[in-house]
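In what follows, a single structure is set out as structure tokens and then discussed.
The values are calculated or read from the model by the stated rules, or taken from the named source; none is laboratory data. Keep in mind that this is a model prediction, so the values were computed, not measured. We place every Cβ from the backbone using ideal geometry, glycine too, and count neighbours over all the protein chains shown.
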Amino acid sequence: MLRPNPIVNQPLDHPLLEVKGLELSIKRLDLIHDLVPGNKFFKLKYNLAKAQAEDHHTLLTFGGAYSNHIHAVSQAAFALGIKSIGIIRGEETLPLNPTLKAATEKGMQLHYVNREDFRRKKEEGFIKGLKKKFGEFYLIPEGGTNAEAIRGTSEILSDEDESFTHIGTSIGTAGTFLGLIQSASLGQNILGFSTLKGEFIHKEITDLSKVFGLDLSIQHQIFTDYHFGGYAKYRQSLIDFIWWFYEKFGIIIDPIYTGKMLAGIWDLIEKDFFPRGSKILAIHSGGLQGNEGFTFQTGIKLPTLSR
Ligand SMILES: *Cc1c(COP(=O)(O)O)cnc(C)c1O
């Protein structure tokens, strides 16, 4: 079991919030665990418990070369003293980027597959091949969303959060968004900000809710126009927002997930989306390991945790 730090909701202070009659707090999941921060702590929690209960000694998962999920699985396996294997999309490039470097430093074994093979990651035959190559393992899907993950993300909100009218989160595979919807109170509105371009996410969420038998009766809304060019893409305005947010509030956010969500929430505040008196809780889902990788890839400086 990974032991979580206490979770805090940090209220933000800004003239715009006063003018609009709003409260905005950040749920600092980025501080929940030193090795496995953010929503990944919750997404992995019951997967790790299951892997241990089933006496697995290896975790295997899939991801891109900068993936927060790959990073989180490597750190979690290290913390539990078990092995991990990362199946990485694309070819190896050296030197390793900061994400994969950190993963291998914690003992993750990397195995690169081309895009075509990577697409077969859910096929039985492909997984059989991996078992032949690596032996038995506990498989966690790419992005980490499965029934155990949603059980975990349903624990992000606590009773004290019932007073919030709106809860904002970033959406990748939607495991976090769906967990929040499962656990929110009647009258709360869950706002999801998709980091991926396109409208497919609506169908994806309907499909996932069928597969996992989820209740979508809590009010929720998905925003698909804050992707800033698409997944892992960015615009200068996003970089500027991340620096502005850091300078104003002292909180580091990332360009893939939390930056886009908070830029979205701030834009909605300016546009009077929220009725006066609304209390907004934005989930800081972590992802800060990616800031170094972003700089590595683009040369653009971002605030980072200095270690
Ligand atoms: C993985 C991740 C997400 C996306 O979570 P999903 O459950 O896949 O929607 C959001 N924010 C951060 C920081 C992440 O690392």
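One residue is enough: does the stretch 120-139 have a residue meeting the conditions in contact with a helix residue (DSSP H, G or I) (Cβ under 9 Å, 6 or more places away or on another chain) and aliphatic (A, V, I, L, M)? Checking the stretch 120-139: at least one residue is in contact with a helix residue (DSSP H, G or I) (Cβ under 9 Å, 6 or more places away or on another chain) and aliphatic (A, V, I, L, M).
Screening the stretch 1-96 for helices (runs of 4 or more DSSP H) wholly inside it with 3 or more residues that are touching a helix residue (DSSP H, G or I) at 6+ places or on another chain (Cβ under 6 Å) and buried (at least 24 other Cβ atoms within 10 Å of the Cβ) returns the ranges 39-53, 68-80. Among the numbered conditions (1) of a type outside the set (Lys, Arg); (2) free of Cβ contacts under 8 Å to residues at least 60 places away in the same chain; (3) more than 10 Å from the ligand (Cβ to nearest atom), the only one that Ala147 does not meet is (2). Looking at Phe294, Phe249, just one residue is of a type outside the set (Val, Ile, Thr), in contact (Cβ under 8 Å) with a residue 12 or more places away in the chain and either within 16 Å of the ligand (Cβ to nearest atom) or buried (at least 21 other Cβ atoms within 10 Å of the Cβ) (or both), and that residue is Phe294. Taking residues in the stretch 88-100 that are closer than 17 Å to Glu292 by Cβ, and partners anywhere that are of a type in the set (D, E, K, R) and part of a helix (DSSP H, G or I), the pairs with Cβ atoms closer than 7 Å and at least 6 places apart or on different chains are Pro98/Glu292.
Tallying residues that are assigned to a loop (DSSP other than H, G, I, E, B) and farther than 25 Å from Asp254 by Cα within the stretch 125-164 yields 3. Counting only residues that are within 21 Å of the chain's Cα centre (by Cα) and assigned to a loop (DSSP other than H, G, I, E, B), the stretch 239-274 holds 8 of them.
Scanning the stretch 184-204 for residues that are away from the ligand (no atom under 14 Å from the Cβ), of a type in the set (Gly, Ala, Ser) and touching a helix residue (DSSP H, G or I) at 6+ places or on another chain (Cβ under 8 Å) yields a single hit, Ser185.
Could you tell me whether the stretch 205-225 includes any residue that is within 13 Å of the ligand (Cβ to nearest atom), closer than 25 Å to Thr99 by Cβ and at pLDDT 95 or above? No, every residue in the stretch 205-225 fails to be within 13 Å of the ligand (Cβ to nearest atom), closer than 25 Å to Thr99 by Cβ and at pLDDT 95 or above.
Annotation note: Cβ proximity below 7 Å between a residue of the stretch 67-80 that is within 16 Å of His56 (Cα to Cα) and more than 16 Å from the ligand (Cβ to nearest atom) and a residue that is at pLDDT below 95 and not polar (S, T, N, Q) (sequence gap 6+ or interchain) occurs for Ala79/Leu2.
Checking each residue in the stretch 157-171 for being within 16 Å of the ligand (Cβ to nearest atom) and touching a Ser or Thr at 6+ places or on another chain (Cβ under 7 Å) picks out Leu157, Thr169, Ser170, Ile171.
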